[in-house]
Amino acid sequence: MKNNLSLHTITRIAVFIILSFSLYLLFAGHNNPGGGFIGALMAASAIVLLYVSFDLKTIKSVLPFYYPYFIATGLILAMGTGVSSVLFGYPFLTQFFKYATLPILGEVELTTALVFDIGVFIVVIGVALLIITTIAEDDA
Amino acid sequence: MSNFLTLPILLPMFIGTILIFLAKKHRIQRVIAGISSIALLIVAIYLAYAVYQSPDQIITLEVGDWSAPFGIVLVADMFATMMVILSSIVGAVCLFFAFKTIHSDREKFYFYPFYFYLLTGVNGAFLTGDIFNLFVFFEVMLISSYVLIVHGGTGYQLRESFKYVVMNMVASAFFLVALAYLYATTGTLNMAHLGERVAELGQEGILNGVAIIFLFVFGAKGALFPLYFWLPKSYYGPPAAISALFGGLLTKVGIYAIIRTFTLIFVHNPSFTHTIILYLAAGTMFFGVLGAVSQFDFKRILSFHIISQVGYMAMGLGVFSPLAIAGAIYYIAHHIIVKSALFLFAGATEKITGTTDLKKMGGLLKTHPWLGWLFFISAMSLAGIPPLSGFFSKFALILSAVQEQEYFIVAVALIVGVLTLFSMMKIFMYAFWREPTIKEEDINKKEMFGLLRPIIPLVVLTIGLGFLAEPIFTYSLGVADQILDPTNYIQAVLGK
Amino acid sequence: MEILIAILIGVLFSVATYLILTKSLFRVVLGTVLLSHGAHLLILTMGGLGGKSAPLLGEEAANYTDPLPQALILTAIVISFGMTALLLVMTYRTYKVHQTDDLDQLRGRSDE
């Protein structure tokens, strides 16, 4: 692709907006619409936008990730929250929550479901980007 | 409540995930995979023992502490734990055979992770007590099977796997359709709760419709007549270790689901549903064995035999008496072990002769006597010659059909038995008799014993299942009594 | 409303069936995608349609919609997402290896 100035400029701004919205969706997911899966798809779409507007090689040097490891890490995280409840004698996958007051954020609800959701988030980002880069690389 | 119940599902899933990190180091992968497959077998046996010792012989777990019927339950009864043991045995044996035969390039491309995810799906499907969760575990199993069946990506594999995948995706879509209708009719998806509601509901017409859609779905996955056409060609493509795992295990998950749903949920009108199953079983047996008779390829004959033997299992459900169900369960155990062994023998002969075409082999009995006689034992067991395991299970099935006066199915089963013997003898005569095609100096004794070592436990098991027919059949009868009396299951899950 | 959606599901299923029976690999993939869409819509419809409140805490509505079909669909969508991705890659590889996307030519020969 030729050096497309307007696309590059807009991408640079838009990617950050999309990524922060995807994080919002991830954290809103417990009691409001949102969640790990949809947030991750949005984050993946931001990165895909980078791949489209710059080229594959440039972004690979910027984000030198090996996506299968994302999948494995996320899976272990998600499984870990399930198993952690077993360690305390509760049935597998039991979720706990607690209200805590943190500096700056004020009172927040801390849940183990959030950790599970972060696991899902990482898995889905890994899956989506792995699929897209695999097909894209094969062409080049 | 027993968290131990999740271990047959979680252990392979965890190991599979760990192996993703180690994908490029195939030696460490092998060590971890081998050890954990043995560990899985021990877990499965311990679980079966714990279930057998428990007062109701059922252990349940309400996942996430959500009480049934709102949350997902895992239920281990005797049938489920028996299937978990069988899947772990075959899983371990095929894995050790894979060490000897799988090319190291394939090992690097996530062969072992998907192998363990497949076991996750299979064990999950056996242990779940929620029908939507059954769908999910089916998909876990299927997506791993898609990867494994196309693994290596030869032209033949790609071409035939495409059909396999599309067939299964259509069946999965209909699984969802059936679930939607079932939910609209009964308002629940918990299997125990469904069993209770269906009995109260009295909506025979719509439930018959839903039952037939479920039969279509599981029939497509378990290769029942007339939905078996995808099986022979797609099982021919992948390496022997994978074909053996699939041939032994995957269709049996479909059969397990049929037996589970049609003994627990859809028992409102057996004269309609179970008669259909009986006729489908007859068609499956007969056309499957005819396919086998017409073939001249080691692996293809075995693939067609899977179909005809799925028919025997469905026949047990169709006859629907305690003896018939016990026979079907015994048959499943026998079939999983013997079928995997035979596929592994096909893989071993392929490794030795370089072909699976029977016309190009010959004289293996002279050059490889151990291979020949061990194959002979397994083949005779499959054909149902006493005192091996195939005889007793077929005997129970046919006896129960005679007792229920279903003479039509008896006739079909006996004819199919003869044709099975015929096609097994065909393999034996072509591959093991005749003039040897391999020269003396090409024989590699050490390699052959390496190939045989993983298979020997399966052959020992089939002999054991035959000689220990009495206790094993008593156990099968216990399993049959338990699944034919769903009140026990419903009480254990819903806690009333 | 239910009748309209039921007709829509019927249209989706018939289009999907048509596509799956065509010769082109890619159309078959599209057919399976539409088929799963039809099935998902069916689950949604079977849970009951109508302007009830979202099944979330704090809405304080008189009645909520049934959350279960939505959870089921979410799971089913994720699964069909994975399946479709895999099938697309397989289709692509099949096309590359065999140099054709015509299923008539992918039948296999009688001698193998």
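Readers should treat all values here as calculations from the given coordinates under stated rules, not as data from a laboratory. Since this is a predicted model, take the numbers as computed values, not measurements. Here Cβ is always computed from backbone atoms with ideal geometry, including for glycine, and neighbour counts include all displayed protein chains.
So what's the net charge close to B:Glu447: Lys and Arg +1, Asp and Glu -1, counting the other residues with Cβ under 9 Å from its Cβ?
+4
If you take the square roots of the eigenvalues of the alpha-carbon gyration tensor of segment B:102-197 and sort them as a ≥ b ≥ c, do you get rounded (a/c under 1.5), prolate (a/b over b/c) or oblate?
Here segment B:102-197 falls in the oblate category.
Which residue, chosen from B:Val459, B:Leu414, B:Gln295, occupies the Cα position most advanced towards the positive end of the dipole of chain B, where the dipole is computed from +1 (Lys, Arg) and -1 (Asp, Glu) charges on Cβ about the Cα centre?
Toward the positive end, the furthest listed residue is B:Gln295.
Rounded to the nearest 10 degrees, what's the angle between the helix B:78-101 long axis and the longest principal axis of chain B, both from Cα atoms, 0 to 90?
In chain B, helix B:78-101 runs at an angle near 20 degrees to the longest axis.
Given a Förster distance of 25 angstrom, what is the FRET efficiency for A:Ser6 paired with A:Val62, based on the Cβ-Cβ distance and rounded to 0.05?
Plugging the Cβ-Cβ distance into 1/(1 + (r/R0)^6) gives 0.75.
If N is the number of residues in chain B, what value comes out of its Cα radius of gyration divided by 2.2 N^0.38 Å?
Computed over Cα atoms of chain B, the ratio equals 0.93.
Determine the shape class of segment A:5-139: with a ≥ b ≥ c the square roots of the Cα gyration tensor eigenvalues, call it rounded for a/c under 1.5, and otherwise prolate if a/b is greater than b/c, oblate otherwise.
oblate
Which lysines have a Cα less than 28 Å from the Cα of B:Lys221, not counting those fewer than 8 places away in the same chain?
Counting by Cα, and skipping residues close in sequence, B:Lys221 has these lysines nearby: B:Lys163, B:Lys233, B:Lys252, B:Lys299, B:Lys339, B:Lys394, C:Lys23.
Using +1 at the Cβ of each Lys and Arg and -1 at the Cβ of each Asp and Glu in the protein assembly as shown, identify which of B:Thr474, B:Met361, B:Cys94 lies farthest towards the dipole's positive end.
Value computed over the given set: B:Met361.
May I ask for the angle, rounded to the nearest 10°, between helix B:131-150 and the longest principal axis of chain B, with both axes built from Cα atoms and the value confined to 0 to 90°?
Roughly 20 degrees, rounded to the nearest 10.
Cα to Cα, under 19 Å, and not fewer than 8 places away if on the same chain: which lysines meet these conditions relative to B:Lys25?
Reachable lysines: B:Lys100, B:Lys108.
Straight-line reach from B:Lys439: which lysines fall under 21 Å, measuring Cα to Cα and dropping same-chain residues less than 8 apart?
B:Lys351, B:Lys359, B:Lys360, B:Lys366
Would you please classify the overall shape of segment B:336-379 from the alpha carbon gyration tensor, given that a ≥ b ≥ c denote the square roots of the eigenvalues, rounded means a/c under 1.5, and beyond that prolate means a/b larger than b/c while oblate covers the rest?
It comes out oblate by the Cα gyration axes.
If amide H atoms are built 1.01 Å from N in the plane of the peptide, which residues on other chains or at least 5 residues away come under 5 Å of the amide H of B:Asp130?
B:Val73, B:Met191
Kindly rank B:345-355, B:38-48, B:463-473, A:13-23 from highest to lowest mean number of other beta carbons found within 10 Å of each residue.
Top of the packing list down: B:345-355, B:38-48, B:463-473, A:13-23.
Defining a contact as two alpha carbons under 8 Å apart and six or more residues distant in sequence, what relative contact order in percent does chain B show?
16
Add +1 for every Lys or Arg and -1 for every Asp or Glu among the other residues with Cβ under 15 Å from the Cβ of B:Lys24, and state the total.
+3
Using only the alpha-carbon atoms, how far is helix B:298-319 inclined from the longest principal axis of chain B? Give it as 0 to 90 degrees, nearest 10.
Between the helix axis and the principal axis of chain B, the angle is about 20 degrees.
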